[in-house]
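K.L.:
Can you keep this structure in mind? I'll have questions shortly.
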Amino acid sequence: MNEHTGIAVALVLAGVIAGGMVWLASILGKKNPTPGKLAPFECGNEPIALPTGRLAIKFYMTAILFILFDVELVFLYPWAVLYRDLGVLGLTEMFIFLGVLLVGFVYAWDNGALEWK
Amino acid sequence: MNGATVADLGLVLPELILTGMALVLILVARRIQSTSVPVVATVLAAAAAVAASWWVLSKEPQSAFGGLITVDGYAQFFKVLVAAALALVALLSVKGLEGSGAPRSEYHVLLLLASVGMMLTVSAVDMVTFYLGLELITLCSYILVGITVDRPSSNEAAIKYFLLASFASALMLFGISITYGLTGTTSFSGVAASIAERGLADDPLQLAALALIAAGLAFKIGAVPFHSWVPDAYQGASTPVAAFLASGSKAAGLAALGRVVVIAFGPDSPALSIILVGLAALSVAVGSVLVLAQTDMKRLLAYSSIAHVGYAVMGLTAGTDAGASATMTYAFFYVFMTLGAFGVVIGLGARGATLDGYQGLASQRPGVAGVMLLFLLALTGIPLTSGFVAKFVVISSAVGAGYVVLAVLAVVCSVVSAFVYMRIAVLMYMREPESPTPARFPVTLSVAIAIAAIVTLVGGVLPRLITDWAVAP
């Protein structure tokens, strides 16, 4: 018995009680479905289309360009935290990194990735 | 920063040159699409990288970026080899990509970046740079295999290659993480020291890690039983891309395997010897037997490359410096002979794609048939070609290490595979032509084939020029 045993017991108990209630209700409860009962209750408006509908392929270019800048930010944050320790060398390196990313962006722009057609 | 300084940048000058050229090409990609600028730029960058790697090594071997990479004779040897393969493949691509609709500048950018990955891989002495280098190669290769978007077979090959290769990468990364967990370090020498110090050599977890890393690398070089992607990827890819995968990628993978064997997991590890002997024996046997059934030239060369990787790995089984140097020699000669053979296949166009196309070639184009014969003899391992020297050094190192059965198997398999190479020779010289005479080869292609032929011949006659230079890490 160590300090984690209590947590495990609580987890099992909670699972058994919650699952048991649902299970008992599903076998003992009376089933008399009507359209009114089956409708979503207090869940917002009636859906007008399936959520997995079709999406214009044009968005994938936007998504890829977003990742370009997203990854850039992931690297910028830790760099900014250590900015003073890294000094001029760190600043130069970050500008080189941004330059390389910018080349990719210019390539995408040049090849019409930003045109909505 | 881990001690990285501006001076370290000088040591990776070859990589910087290739990266810089790739960035320039991608900036002006749209404007140079139908010109010959990408090819010229790639060849110039490769030449500059060769010169730079020579200049860098004129100093002592040294490590850079806090021990992430090293610049020694081993790395320089493979960097020159990678740059040479890059230049030759760029020259082959002029004819090889004709009418394929592949975007020229992006294609060459990917070749350049993949070569950067190879150079990083061969100089890596840390698991992290080692993995990053291999990933850079593979990421570029996925796109290169599928770069002819209009051909369904190219897309199919790219997807197959992507699914299998990402699985192999994951396996290798898993092995690396287990090794890191056990040893607490990612540097090759640190891993070796920690294994020796804590007696981890027989630790089951360590053996699992070793097997996972070896499996990942075996996949990258296409050794049996991790070879199934090779024929499909080569056949689906356009021919110059297949040539690049067979030459540069294999050389880089072998170099990485060599470093892992010699430095990280140690030549004394019995498990590693078993794995390497198994890979070598299976690759040689399966490759040599399956090559007999092929009628498509790219598939034929793919199975031939599987067998040749087996021979190259044989050098490493010895675990000695002489063995590693034998593998280096093998990789060097193999790159040139396979590039030459792929060059002839590219030059003959649609006719070169199948075995039947070679019927009667000698009476129509004696010169082409002559160089093809040279490459076939080299692939077989006939004396006075580099192929013989290459096979001789690896087989003798295997005998020296006591693997006599493996050596006998290698000799037998080399006789078996001779059958298919000689069949092409017979078709070329002893049959009547059935198709019209092929067009003259463009100058770029002829230059590339000539360079490959010269290396193959000189390597066979004066092998010391290369073997003296192939010094293990």
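K.L.:
For helix B:127-145, report the angle its Cα long axis makes with the longest principal axis of the Cα atoms of chain B; keep it between 0 and 90° and round to the nearest 10°.
P.N.:
In chain B, helix B:127-145 runs at an angle near 20 degrees to the longest axis.
K.L.:
What shape does the range B:280-361 have by the C-alpha gyration tensor, where a ≥ b ≥ c are the square roots of the eigenvalues, rounded means a/c under 1.5, and otherwise prolate means a/b greater than b/c and oblate the rest?
P.N.:
oblate
K.L.:
Based on DSSP loop calls and a cut-off of at most 15 other Cβ atoms within 10 Å, the longest stretch of chain A free of exposed chymotrypsin sites (Phe, Trp or Tyr not before Pro) is what? Please report the intermediate quantities before stating the final value.
P.N.:
Numbers: sites that count: A:41, A:116.
So the longest stretch without any such site is A:42-115.
K.L.:
Among the helices of chain A (complete DSSP H runs), which have Cα atoms covering no less than 30 Å along the helix axis and a Kyte-Doolittle mean of at least 1.6?
P.N.:
Values: long enough: A:3-28 (38 Å, 1.76); A:58-81 (36 Å, 1.53); A:83-110 (37 Å, 1.26).
Membrane-span-like by this rule: A:3-28.
K.L.:
Can you list which of the trypsin sites (Lys or Arg not before Pro) found in the range B:38-122 are DSSP loop residues with at most 14 other C-beta atoms within 10 Å?
P.N.:
When the trypsin sites (Lys or Arg not before Pro) of the range B:38-122 are filtered for loop state and at most 14 Cβ neighbours within 10 Å, B:59 remain.
K.L.:
Applying 1/(1 + (r/R0)^6) with R0 = 56 Å to the Cβ-Cβ distance of residue B:399 and residue B:34, what FRET efficiency is obtained, to the nearest 0.05?
P.N.:
Approximately 0.55, to the nearest 0.05.
K.L.:
Please enumerate, by chain and number, the aspartates and glutamates with C-alpha under 17 Å from the C-alpha of residue B:250, excluding those fewer than 8 residues away in the same chain.
P.N.:
Within the straight-line limit of under 17 Å, residue B:250 reaches these aspartates and glutamates: B:135, B:232.
K.L.:
State, to one decimal in nm, how far the label point of residue A:8 lies from the label point of residue B:274, with both points 7 Å from Cα in the Cβ direction.
P.N.:
3.5
K.L.:
Measure up B:220/B:391; A:58/B:95; A:58/B:220; A:37/A:58 against 29 Å on the Cα-Cα distance and list the ones that go over.
P.N.:
Result: A:58/B:95; A:58/B:220; A:37/A:58 exceed 29 Å.
K.L.:
Need one number: nm distance between label points at residue B:7 and residue B:363, each 7 Å from Cα along Cα→Cβ, rounded to one decimal.
P.N.:
Between residue B:7 and residue B:363, the simple spin-label model gives 6.9 nm.
K.L.:
Moving on. Using a ≥ b ≥ c from the Cα gyration tensor of the protein assembly as shown (square roots of the eigenvalues), is it rounded, prolate or oblate, where a/c under 1.5 gives rounded and otherwise the larger of a/b and b/c decides, a/b for prolate?
P.N.:
Because a/c hits 1.5 or more and a/b exceeds b/c, the protein assembly as shown counts as prolate.
K.L.:
I need the calculated FRET efficiency for the pair residue A:21 and residue B:174, taking r as the beta carbon distance and R₀ as 45 Å, to the nearest 0.05.
P.N.:
E(calc), rounded to 0.05, equals 0.60.
K.L.:
Let me ask something else about it. Based on the Cβ-Cβ distance from residue A:66 to residue A:93, what FRET efficiency comes out when R0 is 25 Å, to the nearest 0.05?
P.N.:
Working: r = 24 Å, r/R0 = 0.96.
So, using R0 = 25 Å, E works out to roughly 0.55.
K.L.:
Only loop residues by DSSP count here, and only those with at most 14 other Cβ atoms within 10 Å; note down the GluC sites (Glu not before Pro) in the range A:1-104 that meet that.
P.N.:
Here the GluC sites (Glu not before Pro) that fit, given the DSSP loop and packing criteria, are A:42.
K.L.:
Okay, moving on. Looking at chain B, which longest stretch skips every one of the GluC sites (Glu not before Pro) that is in a DSSP loop with at most 15 other Cβ atoms within 10 Å, leaving the sites themselves out?
P.N.:
It runs B:99-433.
K.L.:
Go through the range A:33-67 and name the trypsin sites (Lys or Arg not before Pro) that are in a DSSP coil and have 13 or fewer other Cβ atoms within 10 Å of their Cβ.
P.N.:
Listed in order of number, the matching sites are A:54.
K.L.:
Might you report the magnitude of the Cβ-based charge dipole of the range B:6-467 about its Cα centre, with Lys and Arg at +1 and Asp and Glu at -1, to the nearest 20 debye?
P.N.:
1020
K.L.:
If you don't mind, there's one more thing I want to ask. Please report the relative contact order for chain B, taking Cα pairs under 8 Å with a sequence separation of at least 6, and give it as a percent rounded to a whole number.
P.N.:
Values: 849 pairs, mean separation 70.3, N = 473.
Reported relative contact order: 15 percent.
Every number here is computed from the coordinates shown, using simple stated rules; none is lab data. This one's a predicted model, so the numbers in the text were calculated from it and none came from an experiment. In this analysis, Cβ positions are derived from the backbone assuming ideal geometry, glycine residues included, and neighbour counts consider all displayed protein chains.
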